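Coordinate-derived values only; no laboratory data. All figures in this text were calculated on a predicted structure; none of them were measured in a lab. Here the Cβ positions follow ideal geometry from the backbone for every residue, glycine too, while neighbour counts run over all protein chains shown.
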Amino acid sequence: MRRVRLTPAVGVCLAALVVAVSGGAYAAAAGSPGAIVACVHHSGGGLYIARTCAGHDRLLKWSVAGPQGPAGKDGATGPAGPAGPKGDTGPAGPKGDAGSAGGPSSGVLPSGVTVRGNWAGGSSTGGTAFESISFGSTFASAPTFHYVAGPASVPAGCTGGTSANPTAQPGNLCVYSVGFRVNTPGAVVTGAPNTAGTLFTVSSSSNAAFSDGGTWAATSP
């Protein structure tokens, strides 16, 4: 077999040419797919291409392109952290104000809440006039009815109250007269409260016209 002696530079160029011609798929018998193979002469280091190197010469091979490395793995998602401690219970909200007299019902009022309003009743002839008072809310139990004709007749359940400043002790409904009554000796005011208010009457024992009116206060029991 005829050997062609090559210098290293020429050998590299020739190897590149072989790769170009073969489309990068050249392989010698002693090589592996994708590798370039040459022999290095034991004397002088010259390169030559042969299917098998001489006994004292050294086989030299190098790859055009290495094999594709394995795909990298995505990092695993870490475990969820522990749940945080339960928060403290917040403070209770403020208590709502009582609705005005005649307003919509807002439930049972706590003890000691006072509601107020105005009232009037009468007739152009003798007889009885029916009137009503609404607390606007519900009491836990019906209050006691009191008619206060003036400062000299204030009952214990209405102590300290006047027609200009109506008050009532817990569990009492105080109906105050402002003093413009007609046929005073014959006007009588009576009522029977329930937990939402009261129906009451203004009446006269004579056949003459009568009237009365004023303010009222009721305090939940």
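Listed from fewest to most Cβ neighbours within 10 Å, the set D212, D57 follows the order D57, D212.
Ranked for footprinting exposure by Cβ neighbours inside 10 Å, fewest first, S206, S177 give S206, S177. Cβ-to-Cβ counts within 10 Å put S211, S43 in ascending order as S43, S211, the fewest first. Scanning residues 5 or more positions from N172 or on other chains, those with amide H under 5 Å from its amide H are T144, T219, with H placed 1.01 Å from N in the peptide plane.
Kindly give the semi-axes, whole Å and largest first, of the ellipsoid equivalent to region 114-219, taking each as the square root of 5 times a Cα gyration tensor eigenvalue. Write out the running numbers ahead of the final one.
Numbers: eigenvalues 106, 45, 21 Å².
The three semi-axes for region 114-219 are 23, 15, 10 Å.
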